[in-house]
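Beneath this line is the structure, given in C-alpha cells, with notes to follow.
The values are calculated or read from the model by the stated rules, or taken from the named source; none is laboratory data. Quick caveat, the model's predicted, so the values are computed rather than measured. Cβ placement follows ideal geometry from the backbone for every residue including glycine, while neighbour counts extend to all protein chains displayed.
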Amino acid sequence: MKISGIRIANTLAIGLLLGSLTQMGTLLAQAPAATPAATPAATATATTASIHGHVNNAAGVPVTQAVVKLTTDRNPSKDRKFQYSFDIDNNGDYKGSDVKPGNYVAVVFKDPLTLDYLPVQIVAGVDKTLDFDMSRPEYINKMNAEDRARLEEFKKQNAKTAAENAKIQDLNKMLIKARADTKAGNFAKAIDAMTQATTAKPEQALLWAALGDAQLGDAVAADKTAKANHATDVTVPGKLKDAVKSYQEALTRNDASKPPIPGVSAGVNNQLGQALSKLAMTGDSSEKTANIKAAAAAYEAAAKADPKNSALYFTNEAAVLMNANISDEAAAAADKAIIADPTKPEPYYIKGQALIQKVTIDEKTQKPTVPAGCFEAYQKYLELAPDGPHAADVKGILEGFGQSYKATYYKSPSKRK
C-alpha cells in the first residue's frame, strides 16, 4: 500500500481569455505528447487537408473538454460562423480531416469562454500542425493585472505541489525498501530509514507502522539470540517499548487522516497486540497485567476494524490471555473466535485449556468435575486437526479423564482416504 496524500491544487478560472486551469498533481510531470512535423495528410485527398495539435492553458496544463473551431470569418462578433469543429481529448490533443484549403482563424472554445485563437493556413494534401500554447509571453501580456497575479499564485502553489509529490515518491521508495529490509532481517537499516521518514513526514501512518514492524522484529531477533545463548538481552524491553510507541503513533495519525487509510487500524492493532504481549513477559507483575490487558484491547480493536478476519484477532487475544493464565477471559475470547469462524481448530484447543484450569475435585469421592464445554472443545479440536500440534496432548487429557474419541482421529495421513 502506498502513502496517500498527494495534494491536488484547486481549479482556477482566470478571465475570458484564460478560461479554467485544470487540476494539478502528478499530471504535472507528464510532458504533452510530441506533435509530428507537417507531412502529407493520410486522410486528405488532393483537394482537402487535415489538421492536428495540442492545447495548453496559461499554466502549461493540457486543456480538456473543449473544442477547436475553424472559421474564415474575420469578424469577431458572436454571429461569427465556423466551418469546422474538432474535439480536444483528455490529453489536450485534437485532430480533424477533410478541411478545404484556405486561410482560417482557429479558435479554442471551452463553453462559454473563448480561450485562444491563432491564424492558420490550410494547404491541400498537408497535415497541418497547430499548437495552442497559452503560456506564451504575448498571451500572458494580454492578461490584466488581477488575472496575472492569480496565475502567478497558482504556479507558486503548483510548485509546492510538485515538491510535495516528489517527497512522497521518495518516501514510498524508502517504505518499500524498509519493508524488504525488515523481511530480510536487516532491522537496523529499516529502523534508520523509517526514523528519517517519520521525521520528514510525521503525519503518515504507514511510515510509523513500518517503523514499528522493524523495531518489533529487532526486539524478537535480539531475544531469540539471547535465549539461544542461555542469556538475557537487557535491550529487548526498550526495543519493544519503541515498537509500541510507533504503533500507537500510527493509529493516532491514521485516525486523524481524512479519510483514514483502509486496513491500517486492523493491521497495526494486531501488531500492537503482539508487541504488548511480548513486553508483558519482560516486566514486573503490575506491568505484565497492564500490558496483557492492553494487548487484549488491541486485538479487540483489530477485530472491530476488520470483522472479516476477526477470528484471527480473537484467537491471538485468547492465546495471549491463556499464556498469562487469565483463563476466564481466554475462554471468552476463544468463544468469539469460534463464532467468527468455527472451522479453525486453535480456538477450540485454547478454550479447552482455559476450562480445564477450572476442574474441581470432590473431597469425599475424589472425583473431578470438569466445566461444561471443556471436553467438547477438545473433541472438536481433534475433529478439525487430528494430527495438529496439540493432538497428542489433547488425546492424553481425554484419556486421563476416561473420555473416548473417534478412532478416525488416530488415522495417519497415509491411511486416511
Can you tell me which of (1) among the small types (Gly, Ala, Ser); (2) at pLDDT below 95; (3) buried (at least 23 other Cβ atoms within 10 Å of the Cβ) is the one residue 290 doesn't meet?
(3)
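Taking residue 225 as the residue in question, decide whether it is over 20 Å from residue 264 (Cα atoms) and assigned to a loop (DSSP other than H, G, I, E, B).
It is false that residue 225 is over 20 Å from residue 264 (Cα atoms) and assigned to a loop (DSSP other than H, G, I, E, B).
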Taking the condition surrounded by fewer than 19 Cβ atoms within 10 Å (Cβ to Cβ), at pLDDT 95 or above, more than 15 Å from residue 55 (Cα to Cα) and small (Gly, Ala, Ser), does residue 180 pass?
yes
So for region 245-266 (the condition being buried (at least 20 other Cβ atoms within 10 Å of the Cβ) and farther than 22 Å from residue 310 by Cα), does at least one residue qualify?
yes
Output the number of residues of region 326-351 satisfying the condition of being buried (at least 19 other Cβ atoms within 10 Å of the Cβ), of a type in the set (D, E, K, R) and over 19 Å from residue 382 (Cβ atoms).
1
If the Cβ limit is 8 Å and pairs must be 6+ apart or interchain, which residue in region 169-198 that is assigned by TED's automatic domain parsing to the domain that holds residue 218 pairs with which residue that is outside any helix (DSSP H, G or I) and basic (Lys, Arg)?
171/201; 172/2; 175/2
For residue 75, the lone unmet condition from (1) of a type outside the set (D, E, K, R); (2) exposed (fewer than 13 other Cβ atoms within 10 Å of the Cβ); (3) within 16 Å of residue 131 (Cβ to Cβ) is (3)
Yes or no: residue 246 in the same structural domain as residue 308 (by TED's automatic domain parsing), of a type in the set (S, T, N, Q) and in contact with a Gly (Cβ under 7 Å, 6 or more places away or on another chain)?
yes
Residue 230 passes all but one of the listed conditions (1) in a helix (DSSP H, G or I); (2) at pLDDT 95 or above; the exception is number (1)
Could you give every pair whose Cβ atoms fall below 8 Å, whose first residue belongs to region 217-241 and is in the same structural domain as residue 276 (by TED's automatic domain parsing), and whose second residue is polar (S, T, N, Q) and crowded, with 17+ Cβ neighbours inside 10 Å, counting only separations of at least 6 or pairs across chains?
217/182; 236/282; 237/282; 239/215; 240/215; 240/282
Checking residue 59 against (1) out of contact with any Gly (no Cβ under 9 Å at 6 or more places or on another chain); (2) among the hydrophobic types (A, V, I, L, M, F, W, C); (3) at pLDDT 90 or above; (4) under 27 Å from residue 148 (Cα atoms), the condition it does not meet
(3)
For region 352-396, how many residues meet the condition of being crowded, with 17+ Cβ neighbours inside 10 Å and not in a loop (DSSP other than H, G, I, E, B)?
16
With the requirement that a residue be touching a residue at least 12 places away in the same chain (Cβ under 8 Å) and outside any helix (DSSP H, G or I), what does region 280-328 give you?
282, 283, 306, 324, 325, 326
Across region 382-403, the tally of residues that are of a type outside the set (D, E, K, R) and free of Cβ contacts under 8 Å to residues at least 24 places away in the same chain stands at 7
